[in-house]
Amino acid sequence: MSAVTSFVDVLLPLPLNQSYTYSVPEDLVSTIQVGCRVIVPLGTRKLYTGIVMELHERKPIGYSVKPIYSLPDENPILIGPQLEFWKRLASYYMCSVGEVMKAALPSGLKLESETLVTLSDEFEQDESLKEREIKVLDALISGKPTSLMDLSKNSGIANVLPVVQELMQKGALLISEGLRSSFKAKTKAYIRLTETYRNNHELLKTVMDEASRAKKQVEVLMAWLELSSFFREPQPLEVGKKELLDRSGTSSAVLQVLCNKNILETYVREIGRLTQSKEEQTEISTLSKMQKEALTAIKESFKEQSVCLLHGLTSSGKTEIYIHLIEECIRSGKQALYLVPEIALTTQLSDRLKRVFGNKLGVYHSKFPDAERVELWNKLVQTQEYQVILGVRSSIFLPFHSLGLIIVDEEHESSFKQQDPAPRYHARNAALILASMHGTKTLLGTATPSLETYLNCQNGKFGLVELFARHHEMAMPEIIAVNTKELRRKKIMKTLFSPILTEKVGEALAANEQVILFQNRRGYAPILECKACGWVPKCDRCDVSLTLHKYHKKLTCHYCGFERDVPQTCPACGTPGLSTHGFGTEQIEEEVRALFPKARIARMDTDTTKSRHSYEQIIHDFESGKTDILIGTQMVTKGLDFDHVRVVGILNADQMLNLPDFRAYERSFQLMAQVSGRSGRKGKRGKVIIQTSDPEQVVIKDVITNDFKSFYEREMLMRKQFSYPPFTRIVQIRFKHKDLSTVRSAAQAYANLIRPVFGQRLLGPDQPPVSRINNYYLQHLLLKVETEASASKVKDILYDALAAFKEESIFRAVQVSFDVDPL
Ligand code: ADP
Ligand code: ZN
Ligand code: ZN
């Protein structure tokens, strides 16, 4: 290798708080830049993809520096303040920059020895492949996902990563995404003219004439020409195989003949892909007078403040206002980022936004195949094609040239917070950091603000704009609380449905209107129990009981995914017939089917939305009236906009109100108010039935009167009294180990180190409600510090203590992590 002239510090996607120095071979010196990807060796056998953080001339002393292995792209894949942003997040959320990198980049941009790859079935080999590329493809021919480490062995190429890199760029390889790949993406077969005929209309006519004796074939061709608008559109429309056969009324055998003649050809595509659709563009809607006033007020507030909260009723037209702001933003040549908490929402919104912004809209979320995420990333770096990005929390990591606006819709949603692994960031708060780095404004929107945000409005840090009329002056729904305890005592209610809920659902169905039923628990029943001896099935790996999933006939652990069959008799005492306690969405579905056998029913929860298209399917079916009743968990509460929902049923309000969490009331208020807001958005006034054992409960009363301020004030008093956020900041310190006594003494030892500094502010050690997950025992410490205290000082103390703690050899294997602002 040629002489070395300079060095780079490289960031690797690892939980280590350091970067690594490599030398740069001479031929790369002129091209390498900060923000470029590099492939580098680490240890003796492993290769990683890293990011160049710094170029310098300081030769490290004390060890021999290795050269970087290769430079896969010509240009940086990070632009603007991205690297700086990662550093800020790592520092705030107490993790390594490498962990942020790992969360930020799609898998295809961070290949490493453990990455699994497979052959893409869409790729066709041609002569341009190099010999080593062919070797790699041959080694993958079995179709099994193979790690790069194994691939290296099987292909006989020592450093296989750069070859894989090349093959990925040619579209020959796919990153295999573990579990997700087992949910086969939905594909659709399409038919098109082969290239010869597409470009030669004369030839096409000749063929039609020649085939005139074969009537059926002509029918297929005619149907295709018609469906594709071939002679009318410069770009023919896509024609699905099924539509073609339906339209022409022929069999696929006839189609096959045409394919064999090389006139038509089949191609398969995953539906819903990023490809440019021919969606009708519509004009941006005119705002109502109140919406206009709100828009003006927001812009006014942006003159003074960088963050503004739009507190608007459900269905007041917040989304319309966002659209207007985005439109202005992109007209000024800048990009807009529109964050939503849930994939389900991107589905509905992307249609709505696409109609206005057409192909300027890019959508980004984790259910998209990795190749598409990489494609969007690269396009953002290289082109100005996408000016509006709609996405879930990870889209804050996308490469933006110049952001002009960030919108965080449903800002109160806890799904903006990443729980595990690090970085345990909150996308709303991270978005504020990102906005400040781009020198731009953020609009938060919701009908039920988080206490944190509302306090910031109260004390003048954020602007506040209120929109307290529903669009078209639609009335807020009528909310009725039903006393289930009373009804059960009087033996009037024997199922999960109170008579009034049954009645209202029946009325809605009779009037061809739709119903949403909400229960924040999936599965059939959370507890299965032997009536004779009290035996309850527990997870082998976690300290938690298994949830019954009747549909799959399994008992499942919601923490680690462990499954076992449902026993017919009690394994402890042999008594047959185990009874269930509590209920989840599956059980509701079962009862609804029995109560309303004619109704068309769909269920939306984690179990029914594992694949990318299942969301779209469920939402589209409900939107287009193909389903009458939608049953779901919190997924159905968020911002979805359906026109014909008349009745919303909240099956069990007590379950959420009674959770052992200081935020239980806040969450319950938000969930109930939000799910109620799904009803009566167009047409008649909606009805909401809340089933509870205590209709006098204060939170329920606030939901009924839609009184956010009353709720806010009461809740803030409680938070203040017990020093909870937003009056304090919380850092949770988590300890994890396979041995119970080790983890206990570890948490205690750490607590002893910091208690002299923090005193009463430190709580614990305690075991969390689920104290063992996946065979690891857990212990937690909770640190509550005043919001005025210096966050960086607190963190220094915690890190110093951690270093001292790790000096103890028995604690070295204990995993310690920090969760800043846990939710
Ligand atoms: P929110 O986001 O506050 O829940 P949306 O923006 O979804 O409210 O508005 C609710 C419904 O009313 C949507 O179907 C939307 O299309 C319609 N709507 C709201 N404002 C307007 C407007 N100015 N012109 C036309 N339709 C509107
Ligand atoms: Zn038993
Ligand atoms: Zn488990």
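The table for this structure:
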| item | result |
| --- | --- |
| Amide H within-cut-off set for Lys417, under 5 Å, with H built and near neighbours excluded | Ala427 |
| Rounded FRET efficiency, nearest 0.05, which uses the C-beta distance separating Val268 from Glu713 and R0 of 56 Å | 0.45 |
| Length-normalised contact order for the chain - Cα pairs under 8 Å, 6+ apart - percent | 10 percent |
| Backbone N under 14 Å from the Phe231 label point (7 Å along Cα→Cβ), restricted to segment 186-221 | 201-209, 221 |
| Nearest-0.05 FRET efficiency for Ser436 and Asp27, computed from C-beta distance (R0 41 Å) | 0.55 |
| Size of charge dipole - segment 548-632 - debye, nearest 20, with Cβ of Lys, Arg +1 and Asp, Glu -1, no other charges | 180 debye |
| Given charges at beta-carbon only (K, R positive; D, E negative), |dipole| of segment 504-580 in Debye | 100 debye |
| Cα gyration tensor shape of segment 765-823, rounded if a/c is under 1.5, else prolate or oblate by comparing a/b with b/c | oblate |
| Contact order relative to length of segment 544-674, as percent, for alpha carbon pairs under 8 angstrom and 6 or more apart | 14 percent |
| Residue-span extension gain [Glu503 to Lys87] - 0.36 nm each, minus C-alpha spacing | 144.1 nm |
| In nm, spacing of pseudo-spin labels at Ala594 and Lys494 (7 Å Cα→C-beta vector) | 1.0 nm |
| Formal net charge of residues neighbouring Val100 (Cβ-Cβ distance under 14 Å; K, R +1; D, E -1) | +4 |
| Selection from Leu119, Pro72, Gln82 lying farthest towards where the dipole of segment 45-143 points positive, charges on Cβ | Gln82 |
| For peptides 554-561, 384-391, sequence by mean Cβ density within 10 Å, most packed first | 384-391, 554-561 |
| Residue order, fewest to most surrounding Cβ atoms within 10 angstrom, among Asp654, Asp540 | Asp540, Asp654 |
| Share antiparallel - DSSP beta bridges, the chain, percent rounded to 5 | 55 percent |
| Global form of segment 488-618, assessed from the alpha-carbon gyration tensor, a/c cut-off 1.5 | oblate |
| Farthest positive-ward along the chain dipole, Cα basis, beta-carbon charges - from Pro499, Thr296, Gly50 | Pro499 |
| Using alpha carbons only: equivalent-ellipsoid semi-axes of segment 191-276, gyration tensor based, whole Å | 20, 16, 12 |
| Debye-sum result for the chain in log10 I(q)/I(0), which assumes one identical scatterer on each alpha carbon, at q = 0.05, 0.07, 0.10, 0.11 Å⁻¹ | -0.32, -0.64, -1.32, -1.55 |
| Local net charge near Leu762, Cβ-Cβ under 12 Å (Lys/Arg +1, Asp/Glu -1) | +2 |
| Inter-probe distance in nm under a simple model that places probes 7 Å from Cα toward Cβ, at Glu57 and Phe662 | 5.5 nm |
| Normalised contact order of segment 1-81, rounded percent, pairs of Cα under 8 Å and 6 or more residues apart | 36 percent |
| The chain - Cys residues lacking any other Cys C-beta under 4.7 Å | Cys36, Cys95, Cys259, Cys308, Cys329, Cys457, Cys560 |
| Modelled label reach - Thr575, point 7 Å along Cα→Cβ, segment 515-538 residues with backbone N closer than 12 Å | 529-536 |
| Proximal charge balance of Gly404 [Cβ under 11 Å; K/R count +1, D/E count -1] | +2 |
| Highest-first arrangement of 453-466, 751-764, where packing means the average Cβ count within 10 Å | 453-466, 751-764 |
| Segment Glu124-Lys553, extension gain: residue separation times 0.36 nm, minus the distance between their alpha carbons | 150.2 nm |
| Difference of contour (0.36 nm per residue) and Cα-Cα distance, Glu808 to Phe722 | 27.5 nm |
| For segment 590-712, convex hull of alpha carbons as volume per residue, Å³ | 131 Å³ |
| Among 574-583, 321-330, the order from most to least packed when residues are scored by Cβ within 10 Å on average | 321-330, 574-583 |
| Lys, Arg +1 and Asp, Glu -1 on Cβ, resulting dipole of the chain about Cα centre, debye, nearest 20 | 1720 debye |
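Bear in mind these aren't lab numbers, they're just calculated from the coordinates by the rules spelled out. Quick caveat, the model's predicted, so the values are computed rather than measured. With ideal geometry, Cβ positions are generated from the backbone for all residues, glycine too; neighbour counts draw on all protein chains shown.
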